[in-house]
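Take a look at the structure set out below.
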Amino acid sequence: MAVYNESRLNYVWTAWFALSIPIILFIDALPSYPSSLYLPPSSPLHPFHLIRQDYIATYNDPIVQWSPSTSVPGSHDSWIGLFLYLEFGFSLPVVAYGFFKLAVKGKGTTGADELLFLVYALETALTTLVCIHDVGYWDPEVHSVEVRRRMVLQFFGPWFLVPSVMAVDMARRILGRIKVADEAMERRKVQ
């Protein structure tokens, strides 16, 4: 039988997962949908298209604007495609599962959940850290210091910070489980 950890931080992770799902589905994945779903003003995803276009017009974020068709062969941006595959193929299923597990089922985390969320948190923090690092190489003629600072602090920063805290929390939980298991094994040896 699984032992569930019902830490108060689960409320934070539930909110994080709830925020992540629409961002991945309706902002990041939007260009991968048929344009008929988001370009016409009467289309169901058009409001998300407008949000995305406003963000691009305001910040001219080359990461958000990247697509296989805009990628320059031999350029430094080839990693973006891999990160999008990770987001859609790994992160989206994990955040959907995490939200279901914590919000819908209302249970805490098992050891297996904690391991999955640790991997997710490390992957999200690391890929976001690469994006933060990339901001430093953006053309200063196109992106002012203020825009780059805002990108790091307001947009990329939270996507690095929250998963980093999640990674520490999940590692702490896993280590707690290992400690309990080790102590139980020691008691068996003594008996």
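The values are calculated or read from the model by the stated rules, or taken from the named source; none is laboratory data. Predicted, not measured: the structure shown is a model, and the values here were computed from it. Quick reminder, even Gly has a Cβ in these numbers, built from the backbone with ideal geometry, and neighbours come from all protein chains shown. Accessible surface is based on the protein model in full, side chains and every heavy atom, while ligands, DNA and RNA are left aside. Shrake-Rupley method; radii C 1.70, N 1.55, O 1.52, S 1.80 Å.
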Review point. What are the chymotrypsin sites (Phe, Trp or Tyr not before Pro) within the range 109-155 that DSSP puts in a loop, where the Cβ has at most 13 other Cβ atoms within 10 Å?
Key: Tyr137
Check your understanding: With Cβ to Cβ distances under 15 Å as the rule, what net charge do the other residues near Gln53 carry (K, R +1; D, E -1)?
Key -> -2
Study note, to complete from the structure: The extension gain from Tyr11 to Ala103, computed as 0.36 nm times the residue separation minus the Cα-Cα distance, is 32.3 nm
Review point. What accessible surface, in Å², does a 1.4 Å probe find on Glu183, ignoring ligands, DNA and RNA and rounding to the nearest 10?
Key: 80
Review point. Under a point spin-label approximation (7 Å from Cα along Cα-to-Cβ), what is the Ser69-Val152 distance to one decimal in nm?
Key: 3.4
**Study point:** Solvent-free Debye scattering, log10 I(q)/I(0), computed from the Cα coordinates of the chain at q = 0.08, 0.19, 0.20 Å⁻¹
**Key:** -0.35, -1.35, -1.42
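How big is the charge dipole of the chain about its Cα centre, in debye rounded to the nearest 20, if each Lys and Arg gets +1 on its Cβ and each Asp and Glu gets -1 on its Cβ?
Magnitude of the dipole: close to 920 debye.
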Point to revise | For the range 24-40, 3J(HN,Hα) per residue [Karplus equation, 6.51 cos²θ - 1.76 cosθ + 1.60, θ = phi - 60°, Hz, x = Gly/Pro] | key: 5, 5, 10, 10, 5, 8, 3, x, 7, 7, x, 4, 5, 7, 9, 7, x
Check your understanding: For Lys179, Lys189, Lys107, what's the largest-to-smallest order of accessible area, 1.4 Å probe?
Key -> Lys189, Lys179, Lys107
Exercise for review: Please compute the net charge surrounding Asp77, taking Lys and Arg as +1 and Asp and Glu as -1 over other residues with Cβ under 14 Å from its Cβ.
Suggested key: -3
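Share of Cα-Cα pairs in the range 69-127 beyond 14 Å, in percent?
63
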Check your understanding: Can you give the accessible area of Thr128, probe radius 1.4 Å, in Å² rounded to 10?
Key -> 10
Study note, to complete from the structure: Expected field for Trp79, accessible surface area in Å² at 1.4 Å probe radius, rounded to 10, holds 50
**Study point:** the chain, relative contact order [Cα under 8 Å, separation at least 6], %
**Key:** 26
Review point. If you look at just the Cα atoms of the range 88-191, how large are its Rg and its Dmax in Å?
Key: 19.1, 72
